[in-house]
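Colleague: Right, I'll just put the structure down here and ask away after.
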Amino acid sequence: MTKNNFSAVIDLGYSNFRFSIFDSNYMNLYSCTKPVSEDEHEKNLSNTINFLIRDAEKKISNHINNIIVMYEDNDFHTIDISFKKNFDQKVNAKKNISSLLLEADQFVKNSYINKKIIHTNITRYNIDGIYQIKVTDKNLQAQSIILDIKFICLPFEKYKRITDVFKNNNIEVSNFFSSSYVKSFFYL
């Protein structure tokens with residue numbers, strides 16, 4: 001939420017750009033869909049986004065400061081890793097999982113410097129040799145933790161090009177998501 005008490009969301013899909021603004025109760029204040037061709041998607045991205053933003057600002061009589069971007073592209077790819085940590089003695093598994101996730105994140109960032117991590121998802125936990133889908137016990141003690149992690153990435157150059165379009169319009173990108181990833185969670 002912005003200090004104006006509304007959220008702006010744009011979905012940059014293959015054939016349509018969808019732009020909506022919601023109030024604090026998630027009521028739709030503004031909604032617009034603009035069909036775009038494949039050529040227009042790449043060549044006129046800045047002009048199309050500028051048009052949508054200016055039109056929305058006129059309709060809601062307010063400046064848009066932040067935006068949530070949902071983006072779809074064939075260049076999204078996944079990196080799947082297993083990250084293991086053995087401890088000298090039993091430790092709280094729940095507390096150590098977040099630090100292991102940060103280590104794995106840093107490993108991927110250092111190994112794939114030309115990629116921007118968009119989503120991170122732990123697909124499976126192995127706590128002392130026992131596989132789990134999630135860790136619910138806050139006091140679970142473990143001597144060995146293995147995380148199976150899926151990173152969804154976009155080439156950094158493409159990510160920067162898109163966020164720069166908003167920056168040039170004085171709008172901060174507060175979140176950047178893969179449209180298909182977010183929609184799959186909605187369908188589930």
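Colleague: So, in region 86-136, exactly how many residues are at pLDDT below 90 and among the charged types (D, E, K, R)?
Modeller: Summing the residues that are at pLDDT below 90 and among the charged types (D, E, K, R) in region 86-136 gives 3.
Colleague: Another question, if that's okay. If only one of ASN74, ASN62, ASN86 is under 24 Å from the mean Cα position of the chain (by Cα) and either surrounded by fewer than 12 Cβ atoms within 10 Å (Cβ to Cβ) or over 19 Å from TYR125 (Cα atoms) (or both), which one is it?
Modeller: ASN74 is the lone residue from the list that is under 24 Å from the mean Cα position of the chain (by Cα) and either surrounded by fewer than 12 Cβ atoms within 10 Å (Cβ to Cβ) or over 19 Å from TYR125 (Cα atoms) (or both).
Colleague: Pull up region 146-175, narrow it to residues that are open to solvent by less than 20 Å² (accessible area, probe 1.4 Å) and of a type in the set (Phe, Trp, Tyr), then point me to the one that is farthest from ILE118 (Cα to Cα).
Modeller: My answer is PHE166.
Colleague: Which residues, taken from region 123-145, are over 13 Å from GLN89 (Cα atoms), open to solvent by less than 70 Å² (accessible area, probe 1.4 Å) and among the β-branched types (Val, Ile, Thr)?
Modeller: Selection gives THR123, ILE127, VAL135.
Colleague: Related question: Cβ-Cβ under 7 Å, sequence separation 6+ or interchain: first residue in region 115-130 and closer than 15 Å to PHE83 by Cα, partner of a type in the set (Gly, Ala, Ser) and crowded, with 17+ Cβ neighbours inside 10 Å. Which pairs?
Modeller: ILE127/ALA93; ILE127/ALA142; ASP128/ALA142
Colleague: Taking ASN50 and the conditions (1) within 19 Å of GLU172 (Cα to Cα); (2) open to solvent by 60 Å² or more (accessible area, probe 1.4 Å), which numbered condition does it fall short on, given that it satisfies the others?
Modeller: (2)
Colleague: Wholly within region 77-188, which helices (runs of 4 or more DSSP H) include no fewer than the required count, namely at least 2 residues that are in contact with a strand residue (DSSP E or B) (Cβ under 9 Å, 6 or more places away or on another chain) and under 30 Å from ILE49 (Cα atoms)?
Modeller: Those helices (runs of 4 or more DSSP H) span 156-168, 179-187.
Colleague: Follow-up. Can you spot a residue in region 3-10 that is farther than 27 Å from ILE117 by Cα and not charged (D, E, K, R)?
Modeller: Yes; the residues of region 3-10 include at least one that is farther than 27 Å from ILE117 by Cα and not charged (D, E, K, R).
Colleague: Kindly indicate whether SER184 is within 30 Å of SER46 (Cβ to Cβ), under 14 Å from the mean Cα position of the chain (by Cα), among the polar types (S, T, N, Q) and surrounded by 13 or more Cβ atoms within 10 Å (Cβ to Cβ).
Modeller: It is false that SER184 is within 30 Å of SER46 (Cβ to Cβ), under 14 Å from the mean Cα position of the chain (by Cα), among the polar types (S, T, N, Q) and surrounded by 13 or more Cβ atoms within 10 Å (Cβ to Cβ).
Colleague: Looking for whichever is in contact (Cβ under 8 Å) with a residue 24 or more places away in the chain, open to solvent by 20 Å² or more (accessible area, probe 1.4 Å) and of a type in the set (S, T, N, Q) here; the options are ASN44, ASN16, ASN92, ASN28. Which one fits?
Modeller: After ruling out the rest, the residue left standing is ASN92.
Colleague: Given the conditions (1) within 25 Å of TYR181 (Cβ to Cβ); (2) at pLDDT 85 or above, and given that HIS41 satisfies all but one, which numbered condition is not satisfied?
Modeller: Result: HIS41 passes all but (2).
The values are calculated or read from the model by the stated rules, or taken from the named source; none is laboratory data. Given the structure is predicted, the values throughout are model-derived calculations rather than measurements. Neighbour counts are summed over all protein chains in view; Cβ atoms, including those assigned to glycine, are modelled from backbone coordinates with ideal geometry. Please note that ligands, DNA and RNA were not included when accessible areas were found on the heavy atoms of the full protein model with its side chains. Shrake-Rupley method; radii C 1.70, N 1.55, O 1.52, S 1.80 Å.
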